Amino acid sequence: IQFKDAVLKAVKTVDNSLTENDYDYFIEAKGEDWPIDITNDKTVAVQIEGKNNATGQTNAIDVKIKNS
């Protein structure tokens, strides 16, 4: 699954009418520079911020990326 698809799925659990145009998301590589090396499992911080038909923002959410 693509990362943006996972974010959209999470946003739709809050309000099913929202689309990709209603938020931005930001990924922080914890203790690592870009690009993130995902040859091993990694934890990144993700923050979602509303725009257009959505307002507010989440706190940073730790997300584990599994290399499988």
In degrees, nearest ten, helix 3-14 long axis to first principal axis of the chain (Cα): 40 degrees
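With each run of n ≥ 4 DSSP H residues scored as -39500 (n - 2.57), what mean residue ellipticity at 222 nm is computed for the chain after dividing by its residue count and rounding to the nearest 500 deg cm²/dmol? If you can, show how the numbers build up before the last one.
Working: 1 runs with 12 residues, N = 68.
Counting only the DSSP helices, I get -5500 deg cm²/dmol.
Between beta-carbons, use under 14 Å as the cut-off and find the net charge around GLY56, counting Lys and Arg +1, Asp and Glu -1.
On the way: positive: LYS51; negative: ASP15, ASP22, ASP24, GLU49.
Surrounding charge for GLY56 is -3.
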What's the lysine pair count for the chain at a Cα cut-off below 20 Å, pairs eight or more apart or interchain? 15
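Read-outs throughout are calculated quantities, based only on the coordinates presented, and are distinct from any laboratory measurement. All figures in this text were calculated on a predicted structure; none of them were measured in a lab. Reconstructed Cβ throughout: ideal geometry from the backbone, glycine too, with neighbour counts over all protein chains shown.
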